[in-house]
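> Structure below; questions to follow.
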């Protein structure tokens, strides 16, 4: 710690793995007491080596490495460039084992696993697919290995990670099948978050949002009924409904009596107006034929975002998660929503690719290859794994505009910073 502090470095340690992080841009400026990098070779500094040896540790020179932010930054087997992650082959091996189990059955898959482990004992440690030792020196049971690896994946990537969720559900189904078929099979069920994984799940996470209320209009015979309709979706939890702020605005022409004559006047108000009374928000699930009351919790006019919550949260719903990184140009996905909705219609899930990425008013946006129609507002744009990439906000017209969505990173930043306006 003292050595790192003296050279303005960050020191981390897990068991016998230690790392130093520096804020310099050129390897020539590395502190020689810690390490130096010359002619492509990394050499540990004499002071660092002395400290390690004084504490009765030996240096494994094969593990010494230097990385910059453009390379894969790895600490204790975890990649940390943008977010905690595991190596790709870690997930590929889990997928491969589950696939073998599904196709050939557990017995054959386990026998193949046993053979690979036995064969690996003749290889160098770095090439083995299983490194841990057991007191009995027996080959570990395949189901137990998968259970442990999946829990590790959950710990690193998060409980609501789409990759973990899909793999864990496959594991649970396979284990349950072994029990149902009467085999002597014991297992612990893996925890799985109720996230959206396919088009069927979408209908349990996307809803129609409607609001209505009365607004007193001077010169009118009766108060005007003001209302709006759009799409909302559950995001990151089962009681966080995301939609657009403009869904709660109302701008229409009304007839009033002025100076003894009937004239038309533009009425520009919304749910947030203190003059609107007897107002309510209703959430519809067309696939379930149910409705729930909701309340407006936060909104932001600049970002055109609003957050709702159920008054009484329903059961058996699902929620979306977000992409780990921004979606790229030309990547395919689906625009989900309820354009021009009426009772009896389920959600539209329209194929659409990313045409462009651009900033507007200081916010990152994406343009999609399908029309954002009236009623689509607030619906999610998702990738092929049904992870949210954007929120539909604006449709193009012949005179201008784009079919665009606000990037999900803007939503995440807004939620994280908690700088939202509250309902008045």
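> Do we find a residue being within 37 Å of the chain's Cα centre (by Cα), surrounded by 13 or more Cβ atoms within 10 Å (Cβ to Cβ), modelled with pLDDT of 85 or more and in a helix (DSSP H, G or I) anywhere in the stretch 66-89?
There is no residue in the stretch 66-89 that is within 37 Å of the chain's Cα centre (by Cα), surrounded by 13 or more Cβ atoms within 10 Å (Cβ to Cβ), modelled with pLDDT of 85 or more and in a helix (DSSP H, G or I).
> For residue 190, are the conditions met, namely being without any contact (Cβ under 8 Å) to a residue 60 or more places away in the chain and either closer than 29 Å to residue 85 by Cα or not in a helix (DSSP H, G or I) (or both)?
It is true that residue 190 is without any contact (Cβ under 8 Å) to a residue 60 or more places away in the chain and either closer than 29 Å to residue 85 by Cα or not in a helix (DSSP H, G or I) (or both).
> Can you confirm whether residue 385 is at pLDDT 95 or above, closer than 21 Å to residue 201 by Cβ and outside any strand (DSSP E or B)? I'd like the intermediate steps shown before the answer.
On the way: at pLDDT 95 or above: no; closer than 21 Å to residue 201 by Cβ: yes; outside any strand (DSSP E or B): yes.
Considered against the rule, which asks whether it is at pLDDT 95 or above, closer than 21 Å to residue 201 by Cβ and outside any strand (DSSP E or B), residue 385 comes out as no.
> Right, next: Across the stretch 153-171, which residue is modelled with the lowest pLDDT among those that are surrounded by fewer than 20 Cβ atoms within 10 Å (Cβ to Cβ) and not in a helix (DSSP H, G or I)?
Top of the filtered list is 160.
> Quick check on my filter: what residues within the stretch 177-187 are free of Cβ contacts under 8 Å to residues at least 40 places away in the same chain and part of a helix (DSSP H, G or I)?
Hits for the stretch 177-187 are 177, 179, 180.
> Here is a further query. What strands (runs of 3 or more DSSP E) completely inside the stretch 213-273 contain at least 3 residues that are free of Cβ contacts under 8 Å to residues at least 40 places away in the same chain?
In the stretch 213-273, the matching strands (runs of 3 or more DSSP E) lie at 249-258, 261-270.
> Let me ask something else. Every residue in the stretch 201-239 that is under 28 Å from residue 263 (Cβ atoms) and either buried (at least 17 other Cβ atoms within 10 Å of the Cβ) or under 23 Å from the mean Cα position of the chain (by Cα) (or both), please.
Scanning the stretch 201-239 gives 211, 212, 213, 215, 217, 224, 226, 228, 229.
> What about residue 287, is it assigned to a loop (DSSP other than H, G, I, E, B), outside the structural domain of residue 393 (by TED's automatic domain parsing) and either surrounded by 13 or more Cβ atoms within 10 Å (Cβ to Cβ) or at pLDDT below 95 (or both)? First the steps, then the outcome.
Values: assigned to a loop (DSSP other than H, G, I, E, B): yes; outside the structural domain of residue 393 (by TED's automatic domain parsing): yes; either surrounded by 13 or more Cβ atoms within 10 Å (Cβ to Cβ) or at pLDDT below 95 (or both): yes.
Yes, satisfied.
> Mind telling me which of the residues 265, 278, 261 ends up being modelled with pLDDT of 95 or more and over 30 Å from residue 318 (Cα atoms)?
Step by step, each of 265, 278, 261 is checked, and only 278 is modelled with pLDDT of 95 or more and over 30 Å from residue 318 (Cα atoms).
> For the stretch 388-407, check the following and say yes or no: at least one residue is within 22 Å of residue 195 (Cβ to Cβ) and assigned to a loop (DSSP other than H, G, I, E, B). Before you say what the answer is, go through the steps one by one.
Step one: filter the stretch 388-407 for residues within 22 Å of residue 195 (Cβ to Cβ), giving 388-392, 405-407.
With assigned to a loop (DSSP other than H, G, I, E, B) added as a condition, the list becomes none.
No, the conditions are met nowhere in the stretch 388-407.
> Related question: Within the stretch 243-263, identify whether any single residue is surrounded by 20 or more Cβ atoms within 10 Å (Cβ to Cβ) and in contact with a helix residue (DSSP H, G or I) (Cβ under 8 Å, 6 or more places away or on another chain), and answer yes or no.
Taking every residue of the stretch 243-263 in turn, none turns out to be surrounded by 20 or more Cβ atoms within 10 Å (Cβ to Cβ) and in contact with a helix residue (DSSP H, G or I) (Cβ under 8 Å, 6 or more places away or on another chain).
> Considering every residue within the stretch 326-342, establish whether at least one is surrounded by 15 or more Cβ atoms within 10 Å (Cβ to Cβ), touching a helix residue (DSSP H, G or I) at 6+ places or on another chain (Cβ under 7 Å), outside the structural domain of residue 294 (by TED's automatic domain parsing) and not in a loop (DSSP other than H, G, I, E, B).
Checked against the condition, which is being surrounded by 15 or more Cβ atoms within 10 Å (Cβ to Cβ), touching a helix residue (DSSP H, G or I) at 6+ places or on another chain (Cβ under 7 Å), outside the structural domain of residue 294 (by TED's automatic domain parsing) and not in a loop (DSSP other than H, G, I, E, B), the stretch 326-342 yields at least one hit.
> Picking from 382, 372, which residue would you name as being assigned by TED's automatic domain parsing to the domain that holds residue 409, buried (at least 20 other Cβ atoms within 10 Å of the Cβ) and under 19 Å from residue 162 (Cα atoms)? Explain how you work it out, then say what you get.
On the way: 372 fails: under 19 Å from residue 162 (Cα atoms).
After applying the criteria, what remains is 382.
> Checking residue 301 against (1) closer than 25 Å to residue 83 by Cβ; (2) in contact (Cβ under 8 Å) with a residue 24 or more places away in the chain, which single condition isn't satisfied?
Unmet condition: (1).
> Next question. Any residue that is assigned to a loop (DSSP other than H, G, I, E, B), crowded, with 16+ Cβ neighbours inside 10 Å and touching a strand residue (DSSP E or B) at 6+ places or on another chain (Cβ under 7 Å) - is there at least one of those in the stretch 349-357?
Of the residues in the stretch 349-357, the ones assigned to a loop (DSSP other than H, G, I, E, B) are none.
Checked the stretch 349-357: no residue is assigned to a loop (DSSP other than H, G, I, E, B), crowded, with 16+ Cβ neighbours inside 10 Å and touching a strand residue (DSSP E or B) at 6+ places or on another chain (Cβ under 7 Å).
> Assess whether residue 371 counts as being closer than 23 Å to residue 303 by Cα, in contact with a strand residue (DSSP E or B) (Cβ under 6 Å, 6 or more places away or on another chain) and at pLDDT below 95. Give the steps one after another, and end with the answer.
Working: closer than 23 Å to residue 303 by Cα: yes; in contact with a strand residue (DSSP E or B) (Cβ under 6 Å, 6 or more places away or on another chain): no; at pLDDT below 95: yes.
Spelling it out, it is not the case that residue 371 is closer than 23 Å to residue 303 by Cα, in contact with a strand residue (DSSP E or B) (Cβ under 6 Å, 6 or more places away or on another chain) and at pLDDT below 95.
> Return only the number of the condition from (1) modelled with pLDDT under 85; (2) more than 30 Å from residue 158 (Cβ to Cβ) that residue 55 does not satisfy.
Looking at each condition in turn, residue 55 falls short on (1).
Matching residues to (1) assigned by TED's automatic domain parsing to the domain that holds residue 175; (2) in contact (Cβ under 8 Å) with a residue 40 or more places away in the chain:
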site	(1), (2)
7	no, no
19	no, yes
32	no, no
39	no, no
46	no, no
52	no, no
102	yes, yes
105	yes, no
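> Moving to a separate point now. From 174, 150, which residue is without any contact (Cβ under 8 Å) to a residue 60 or more places away in the chain, outside any strand (DSSP E or B) and closer than 19 Å to residue 96 by Cα? Quick ask: steps written out before the conclusion?
Values: 174 fails: without any contact (Cβ under 8 Å) to a residue 60 or more places away in the chain.
The unique qualifying residue is 150.
The values are calculated or read from the model by the stated rules, or taken from the named source; none is laboratory data. Bear in mind that the values here come from a model prediction, so they are computed numbers and not experimental data. Every residue, glycine among them, receives a Cβ derived from its backbone with ideal geometry; neighbour counts consider all protein chains shown.
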